[in-house]
Amino acid sequence: MHAIVSLISGRGSNLEAIVKTATAKSWDVQFAGVISNNPEAKGLEVARSQGISTQVVNHRDFVSREAFDHALMSEIDRLGADLIVLAGFMRILTPAFIKHYEGRMINIHPSLLPLYPGLHTHQRALDGGDQKHGATVHFVSAEVDQGSIICQGEVPILPNDDASSLAARVLKMEHYIYPLAVEWFINQRLQIEGNTVHVHPPESQYISFA
Ligand code: GAR
């Protein structure tokens, strides 16, 4: 059985989508814990309502990024996680932390990477005059919002979109592709070859509802 620990900073809607899919599809997983760096994160309540134990490791309590990451790592390892799911976790992680979880830590980012790493992705896609936008699930590597791509979900940009209407459309897609990627991982269907992730047996890794 896989033990999943999720790291969050905010709302927790991706976490909720994953947990609900796990229940609906009877995945052979245990959600060992949810850890937030932000004591006010709404996602902590989401986790508790799903019967998952929660804790706060507040980055403000630590003198350095290294000290924070060290505390986080101790907690994750104490929980026995073999998959770490970053679900709206908004802290940059140190290379030592990333190395420790290489190949077993995944993240979702609200853009079609390599486009728009970083923040304000929806506004940047609008400002760029793009016709499409989306989200990416990827293994975490030392470069922020890079790393091997597991899957991507595309949505159209409509003429009257603003950042919030576009974010809502992308978020729906996130709630589809993140559970999909986790399911592939726990069913051992992912194989990393260089910077490419293959799914076995093959299945589309680029999703578009259009
Ligand atoms: C999601 O849109 C996720 O893609 C984004 O934060 C949001 C979290 O929402 N993550 C990043 O920007 C990471 N670089 P949620 O807390 O409701 O899942």
Exercise. Would you please name the residue that is farthest from F97 (Cα to Cα), looking only at residues in the range 54-69 that are among the polar types (S, T, N, Q) and assigned to a loop (DSSP other than H, G, I, E, B)?
Key: N58
Self-check item: Lone qualifier among K42, K20 - being within 12 Å of the ligand (Cβ to nearest atom) and surrounded by fewer than 18 Cβ atoms within 10 Å (Cβ to Cβ)
Solution: K42
Exercise. Please work out which one of (1) away from the ligand (no atom under 16 Å from the Cβ); (2) surrounded by fewer than 21 Cβ atoms within 10 Å (Cβ to Cβ); (3) closer than 21 Å to V140 by Cα is the condition G33 fails and give its number.
Key: (2)
Quiz item: Given the conditions (1) surrounded by fewer than 14 Cβ atoms within 10 Å (Cβ to Cβ); (2) over 30 Å from F68 (Cα atoms); (3) among the basic types (K, R), and given that R169 satisfies all but one, which numbered condition is not satisfied?
Solution: (1)
Exercise. Go through the range 122-142 and give me each residue that's of a type outside the set (G, A, S) and either in contact (Cβ under 8 Å) with a residue 24 or more places away in the chain or in contact with an Asp or Glu (Cβ under 7 Å, 6 or more places away or on another chain) (or both).
Key: H122, Q123, L126, D130, Q131, K132, H133, T136, V137, H138, F139, V140
Practice problem: Specify the residue that is nearest to V85 (Cα to Cα); the eligible residues are those in the range 1-30 that are in a strand (DSSP E or B) and within 15 Å of the chain's Cα centre (by Cα). | Solution: S6
Practice problem: Could you please let me know if G51 is assigned to a loop (DSSP other than H, G, I, E, B) and touching a residue at least 40 places away in the same chain (Cβ under 8 Å)? | Solution: no
Practice problem: Kindly state which strands (runs of 3 or more DSSP E) lie completely within the range 70-164 and contain at least 1 residues that are away from the ligand (no atom under 16 Å from the Cβ) and surrounded by fewer than 18 Cβ atoms within 10 Å (Cβ to Cβ). | Solution: 132-139, 149-156
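Values in this text are rule-based calculations from the coordinates and carry no lab data. For clarity, every value in this text was computed on a predicted model and none was experimentally measured. Reconstructed Cβ throughout: ideal geometry from the backbone, glycine too, with neighbour counts over all protein chains shown.
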